[in-house]
Amino acid sequence: MKVFLDSLRKDYHDGNVIPFIGSGLSVPFKVPAWGDMIRSLTKKYVEEDFLTNLIDVDLSRNDYWKAVDNLLEYTVLTEEDIQEEVVKLIQDRKIKLEDDTLHNYSDLRNMNYFRFYLTTNYENLLHQYLNYDIQPVSLSDIQFNTQGIFNQNRVCQLHGTSSNAGTIVLSRKSYEKLYSSKKYDDLLRLVTGTKKLLFLGFSFDDQFIKTLIKQHKESYRGEHYILLNNPSPEKIKKLRQEYRLITIPYKAENSSHVIEIRKILQEIRHPIVPGNEQNLAEMHRIHHKLLLVQG
């Protein structure tokens, strides 16, 4: 709905949006998603049919943590083994793209009002294409004593980086440790206290989003945005009611995710013409009325 896109556009130009980047934006680079990583680990280390079938069921339900739990319980794999295997998979499969029109990281580079980024991705493509001078930071290294962190041109890789296998967060145990971290809660409070998140590269069924918001309801305040491909009205309403996420829909059919996301980013970037602020303010009022109806 255009009114929500106009609202996002105004928030962007006001400097109130922090992008939260998921694995979907790295798909053009052949970076394996969580499900693909687990399938590869299963193919390499599992010989018993019962375990293969069990993990297939877990993956069909998008229950990645249960699948990893089963790998750890029924094979000789340790968490350190899985972390190292994930890094190898990324290194072996990731490709280079000379054509910037084939991905959206180059588009993000042109978004001047995006400065501080959050991501769950392990590879460093986001930092690479943004060409930031300051190296990516992990959650454990962030200092929360100032709002100035949002004025830095920097990427925060919440789930670790492939340049350091020991930082990779994939198992249920490692996720629970991350989510229970006071620093994680502090980060969410700082972000949602003054900014709005824009989720890019996540799916409606993404386990991370659901767990993030459910386990940090008190810290996760206000309304935030998510870009989704062809969501049903029921999904849009559910995201609004259960997660306070405002859906910006697009249709990749007969096009591509990259092209349609690019169109939205270009629309957001479009300058706000002086004199139109009143119209945008009215859009915001309509926006909030619609949210009340949805809720």
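The values are calculated or read from the model by the stated rules, or taken from the named source; none is laboratory data. Keep in mind it's a predicted model, so treat the numbers as computed, not measured. Backbone-built Cβ (ideal geometry, glycine too); neighbour counts: all protein chains shown. When the accessible area is computed, the model is the full protein with side chains, heavy atoms only, and any ligands, DNA or RNA have been set aside. Shrake-Rupley method; radii C 1.70, N 1.55, O 1.52, S 1.80 Å.
Here R262, R244 are screened, and the one residue that is surrounded by 14 or more Cβ atoms within 10 Å (Cβ to Cβ), farther than 21 Å from M111 by Cβ and not acidic (D, E) is R244.
For the stretch 92-115, a residue qualifies if it is in a loop (DSSP other than H, G, I, E, B), among the hydrophobic types (A, V, I, L, M, F, W, C) and either surrounded by 13 or more Cβ atoms within 10 Å (Cβ to Cβ) or without any contact (Cβ under 8 Å) to a residue 24 or more places away in the chain (or both), and the qualifying residues are L97, M111, F114.
Pick out the one residue from L25, L8 that is surrounded by 17 or more Cβ atoms within 10 Å (Cβ to Cβ), among the hydrophobic types (A, V, I, L, M, F, W, C) and touching a His at 6+ places or on another chain (Cβ under 9 Å).
Every option except L25 fails the conditions.
Against the conditions (1) without any contact (Cβ under 8 Å) to a residue 60 or more places away in the chain; (2) in contact with an Asp or Glu (Cβ under 7 Å, 6 or more places away or on another chain), Y74 satisfies every one except (2). In the stretch 185-200, the qualifying residues are those that are within 14 Å of L158 (Cβ to Cβ) and in contact with a Ser or Thr (Cβ under 6 Å, 6 or more places away or on another chain), and the one that is least open to solvent (accessible area, probe 1.4 Å) is L188.
Of all positions in the stretch 17-25, at least one carries a residue that is under 25 Å from L188 (Cα atoms) and either over 22 Å from the mean Cα position of the chain (by Cα) or in a loop (DSSP other than H, G, I, E, B) (or both). Annotation note: Cβ proximity below 9 Å between a residue of the stretch 219-233 that is of a type in the set (D, E, K, R) and a residue that is assigned to a strand (DSSP E or B) and open to solvent by 40 Å² or more (accessible area, probe 1.4 Å) (sequence gap 6+ or interchain) occurs for E223/K196.
For the stretch 18-29, state whether one or more residues are of a type in the set (A, V, I, L, M) and within 20 Å of R172 (Cα to Cα). Reasoning before the result, please.
As a first pass, look at the stretch 18-29 and keep what is of a type in the set (A, V, I, L, M): 18, 21, 25, 27.
If we keep only those that are within 20 Å of R172 (Cα to Cα) too, we end up with none.
No, the stretch 18-29 contains no residue that is of a type in the set (A, V, I, L, M) and within 20 Å of R172 (Cα to Cα).
Only one of the numbered conditions (1) on the phi > 0 side of the Ramachandran plot; (2) surrounded by 16 or more Cβ atoms within 10 Å (Cβ to Cβ) is violated by L178, and that is (1).
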